[in-house]
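S.K.: Before anything else, here's the structure in question.
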Amino acid sequence: MALNIPGIIVMAGFYVLILGTGIWASMRSKKEERKCTGDGMEITLLAGRNINLLVGIFTLTATWVGGGFILGIAEAVYNPTLGLVWALMPVPYVLTFFLGGFFFAKPMRENRYITMMDPFQQKYGNVLSSALILPALVADVLWVARTLVSLGGTLSVILDLHYVYSICISSVVAIIYTLLGGLYSVAYTDVIQLILIFVSLWVCVPFLLTSPNSLDISLTAFNATFQAPWVGKLEAQDAGKWIDDFMVLALGGLAYQAFYQRILSASSYTQAQVTCFASSAFCLVLGIPSILVGAVAASTDWNMTAYGLPTPYERGQAGSILPLALHHLTPHYISIIGIGAVAAAVMSSMDSALLSSASMFSSNIYKNICRKQASDREMQWVIRISVVVVGLAGTALTFLDNSVLVFWLVGVDMSYTIMFPQLVCVLFFKISNGYGATVGFFSGMVLRFMSGEPLINLPPLIHYPGCRLDAEGRLTQFFPFRTTIMLTTIVSILFFSYLASLIFNKGLLSERWDVFGISQEQGKKVVQAETKNPAASKQLLDTSC
């Protein structure tokens, strides 16, 4: 197939614009570093904790409205076995942002943490916190992979550009401007990207809705025509899985460093809350075009298009339905505009995942464990190397699977079942300690592994109520098992934390076996209560951390 030269020119212009914005933002970052007498790492990772309100709203929204969001919603609506009722992404994100703004932002900001792993490191020590970082890093790598998959599929369909080339080019561009200026580059490029997403998608929608090869989507919403109704249906036997998916998307996002990076970069708690609430509204609005794309695709007689039969679903290309719809149901120049929306969405999420993982590795592992005396210059290089490594790892994974939803769900799944319970306990339950966190970590991992995952062909060893074959013949759990695992993990952490505290503080086991030092911690708390001296209390607290 011949390359789409006009489309490639448009994409080249888009990448130049993004790189130019990233370079400008990196210059601003260096200017702030020269003015600031504090920690240079805070400038790179948190933009000096002084990000503009509007920029903060744009960058938080753009982080969540990524390629997986845009293509995943369209894929779910178009898929005849799912439909609109299973396109859950926009609504759970409203809950994510409201819970984050009301409950999680305050303790994170009051303690002036740099990453979401800081409370673990201060309370549990370096060894356990390092183990807990691994699921978060894996989730970020999967995030990079799913965003690149979404762009690679789009460019290969519309530009006739080879899948490998499109992924590699996009990966290199995102890595370069993330390297240049840290959060400043990421945030200001997100502003450009979010504007492109909004404008490009809404420009394409009218052309899709008036395509001569498609029926009125209101007629196909509840009536089977070319395929099952695109609204879909929720059977009583599927309710447990629907609830589980909803909770995974709503609460799993609260265990991502990218979320707290935006919260901690705000200049005040109030600004952080406003950022969350405003971003939730933007997510709802930006989900509408993808819903319409999926609905139009489900209402299309593909035999009347150049694509022909069998349909994209029958060919296993449901994950590429958005670019396919743009390519075959809109004028050529409109489909090129649509590329900009997907590319912008991909870049806005990928750079966030790159910086997120780099933040945790550089701050929590390298700075706090390996090289406590590392200079700002040395830390800058560590951050850059981390960005490159995560980018390359995520890029490599894209060649293993081409479904956006696979990477999306597996990544968020890990955050929900493993990291979210740990974060809740360390922030809101003083009784939690290293023993409970260790038991909770391993119990959550084992239960999740034994529950199986059809998306990666992992058979279940535990059959929850309602476990049966799905529409594609895969053995699937229709019970809200991930929510059950999450709640079990929280209970395990709290119960075994209490049990360990009881054993050591009552002298049932010698203090020499207390590897997490909870008996010593209890003694310090007693001293603080007795002295009632703020200065002394602060000194003791610093020592325990």
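The values are calculated or read from the model by the stated rules, or taken from the named source; none is laboratory data. Small disclaimer: the values here were computed from a predicted structure and weren't measured. Neighbour counts run over all protein chains shown; Cβ positions are idealised from the backbone, glycine included.
S.K.: For the subset of the stretch 164-173 comprising residues that are farther than 16 Å from Gly68 by Cα and in contact (Cβ under 8 Å) with a residue 40 or more places away in the chain, which member is surrounded by the fewest Cβ atoms within 10 Å (Cβ to Cβ)?
M.R.: Restricting to residues being farther than 16 Å from Gly68 by Cα and in contact (Cβ under 8 Å) with a residue 40 or more places away in the chain, the top hit is Val164.
S.K.: Which of the residues spanning the stretch 331-362 are more than 19 Å from the chain's Cα centre (by Cα), part of a helix (DSSP H, G or I) and either under 19 Å from Ser185 (Cα atoms) or not hydroxyl-bearing (Ser, Thr, Tyr) (or both)?
M.R.: To start, the set of residues in the stretch 331-362 that are more than 19 Å from the chain's Cα centre (by Cα) comprises 331-340, 362.
With the extra rule that they be part of a helix (DSSP H, G or I), the set shrinks to 332-340, 362.
Matches in the stretch 331-362: His332, Ile334, Ile336, Ile337, Gly338, Ile339, Gly340, Ser362.
S.K.: A further question follows. If we scan the stretch 369-389, do we find a residue that is modelled with pLDDT under 80 and crowded, with 19+ Cβ neighbours inside 10 Å?
M.R.: no
S.K.: Give all pairs with beta carbons closer than 6 Å in which a residue from the stretch 491-513 that is without any contact (Cβ under 8 Å) to a residue 24 or more places away in the chain meets a residue that is assigned to a helix (DSSP H, G or I) and hydroxyl-bearing (Ser, Thr, Tyr); count only pairs at least 6 apart in sequence or on separate chains.
M.R.: Phe504/Ser519; Asn505/Ser519; Glu511/Ser519
S.K.: Additional query: Which ones in the stretch 82-134 are β-branched (Val, Ile, Thr) and either in contact with a helix residue (DSSP H, G or I) (Cβ under 7 Å, 6 or more places away or on another chain) or farther than 21 Å from Cys276 by Cα (or both)? Let's see the steps before the verdict.
M.R.: Restricting attention to the stretch 82-134, the residues satisfying the condition of being β-branched (Val, Ile, Thr) are 85, 91, 94, 96, 114-115, 127, 133.
Matches in the stretch 82-134: Val85, Val94, Thr96, Ile114, Thr115, Val127, Ile133.
S.K.: While we're here: Scan the helices (runs of 4 or more DSSP H) fully inside the stretch 462-545 and keep the ones with 3 or more residues being surrounded by fewer than 12 Cβ atoms within 10 Å (Cβ to Cβ) and modelled with pLDDT under 85.
M.R.: Values: elements: 481-505, 518-531, 534-544.
Helices (runs of 4 or more DSSP H) meeting the threshold: 518-531, 534-544.
S.K.: Pick out the one residue from Leu142, Leu134, Leu148 that is of a type in the set (A, V, I, L, M), within 24 Å of Gly253 (Cβ to Cβ) and free of Cβ contacts under 8 Å to residues at least 12 places away in the same chain.
M.R.: Leu134
S.K.: Looking only at residues that are within 17 Å of Ile133 (Cα to Cα) and of a type in the set (A, V, I, L, M) in the stretch 428-454, which one is surrounded by the fewest Cβ atoms within 10 Å (Cβ to Cβ)?
M.R.: Filtering first and then ranking leaves Met445.
S.K.: Can I ask one more? Would you list the helices (runs of 4 or more DSSP H) that sit entirely within the stretch 224-323 and hold 2 or more residues that are more than 20 Å from the chain's Cα centre (by Cα) and buried (at least 21 other Cβ atoms within 10 Å of the Cβ)?
M.R.: Numbers: elements: 239-252, 257-265, 269-298.
In the stretch 224-323, the matching helices (runs of 4 or more DSSP H) lie at 269-298.
S.K.: Taking the stated definitions as given, is Ile385 in a helix (DSSP H, G or I), without any contact (Cβ under 8 Å) to a residue 40 or more places away in the chain and among the aliphatic types (A, V, I, L, M)? Steps first, please.
M.R.: Details: in a helix (DSSP H, G or I): yes; without any contact (Cβ under 8 Å) to a residue 40 or more places away in the chain: yes; among the aliphatic types (A, V, I, L, M): yes.
Taking the combined requirement at face value, the residue satisfies it.
S.K.: Which count do you get for residues in the stretch 115-131 that are assigned to a helix (DSSP H, G or I), touching a residue at least 40 places away in the same chain (Cβ under 8 Å) and hydrophobic (A, V, I, L, M, F, W, C)?
M.R.: Step one: list which residues in the stretch 115-131 are assigned to a helix (DSSP H, G or I), which gives 118-124, 126-131.
Subsequent filtering for residues that are touching a residue at least 40 places away in the same chain (Cβ under 8 Å) retains 118-124, 126, 128-131.
Retained after the next criterion (residues that are hydrophobic (A, V, I, L, M, F, W, C)): 120, 128, 131.
Adding up the residues that qualify gives 3.
S.K.: Only one residue in Val186, Val164, Val199, Val203 is within 20 Å of the chain's Cα centre (by Cα) and part of a helix (DSSP H, G or I), so which one is that? Give the derivation first.
M.R.: Details: Val164 fails: within 20 Å of the chain's Cα centre (by Cα); Val199 fails: within 20 Å of the chain's Cα centre (by Cα); Val203 fails: within 20 Å of the chain's Cα centre (by Cα).
Of Val186, Val164, Val199, Val203, the one residue that is within 20 Å of the chain's Cα centre (by Cα) and part of a helix (DSSP H, G or I) is Val186.
S.K.: Suppose the filter is modelled with pLDDT under 85 and over 28 Å from Leu148 (Cα atoms); does Arg49 pass it? Outline the logic, then answer.
M.R.: On the way: modelled with pLDDT under 85: no; over 28 Å from Leu148 (Cα atoms): yes.
When the stated conditions are applied, Arg49 does not pass them.
S.K.: Taking the stretch 302-320 only, how many residues are touching a Leu at 6+ places or on another chain (Cβ under 8 Å) and at pLDDT 90 or above?
M.R.: Selection size over the stretch 302-320: 5.
S.K.: Same structure again: Considering only the stretch 444-469, state which residues are of a type outside the set (Val, Ile, Thr), under 20 Å from Val412 (Cβ atoms) and in contact (Cβ under 8 Å) with a residue 24 or more places away in the chain.
M.R.: Gly444, Met445, Leu447, Arg448, Ser451, Gly452, Glu453, Leu455
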